[in-house]
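The structure under discussion appears below in the form of structure tokens.
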Amino acid sequence: KDQTAEALLALALMRVEMKHHAAAASTVEELVKVLPPDVEFYPIAAGCLAHCLEIADKSLTGVERASTMKAYADRAFALLDLAATAGWADVKYLQTHPLMAPLRDHPEYRPRLEDLRKRIEPTKSAG
């Protein structure tokens with residue numbers, strides 16, 4: 001993998017650990033600019049955004065909280081969709097990995113999980 005992409009992903013994860021959700025989300029966007037849809041990095045980047053969702057839930061209020069949380073969730077799901085299109089096929093990751101935990105409580109999680117499962121299963125049976 002590109003060293004820039006690796007450094008950006010590490011920086012995004014560090015910013016999540018520091019509870020800097022806006023900086024982490026911005027770093028994920030920088031990663032997406034330098035790395036086309038990827039089966040390794042995009043699911044992790046989606047996990048960063050999932051944790052941004054959790055941090056925003058605890059640190060923001062009102063309309064800003066709602067719009068920021070929606071943006072993070074939508075982008076996390078979009079990155080997972082892009083990873084699936086690129087060949088990512090790990091539904092278990094969504095169901096069990098700690099990075100994905102904040103998304104599991106999201107109202108769109110189950111429908112998105114089923115959609116990803118439908119997209120992934122034909123890929124797995126064809127391969």
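The 1.4 Å probe gives accessible areas that order MET100, MET69, largest first, as MET69, MET100. Computed on the stretch 28-126, with alpha-carbon pairs under 8 angstrom and 6+ residues apart, the relative contact order is 33 percent.
Is the shape of the stretch 51-127 rounded, prolate or oblate, going by the alpha carbon gyration tensor and its root eigenvalues a ≥ b ≥ c, with a/c under 1.5 for rounded and a/b larger than b/c for prolate? Prolate, because a/c is 1.5 or more and a/b exceeds b/c.
Once the 1.4 Å probe is applied to the protein heavy atoms, the chain comes out at 54 Å² accessible per residue.
The values are calculated or read from the model by the stated rules, or taken from the named source; none is laboratory data. On a predicted model such as this, the values are computed, not experimentally measured, just so you know. Side chains included, ligands, DNA and RNA excluded: accessible areas come from the protein's heavy atoms. Shrake-Rupley method; radii C 1.70, N 1.55, O 1.52, S 1.80 Å.
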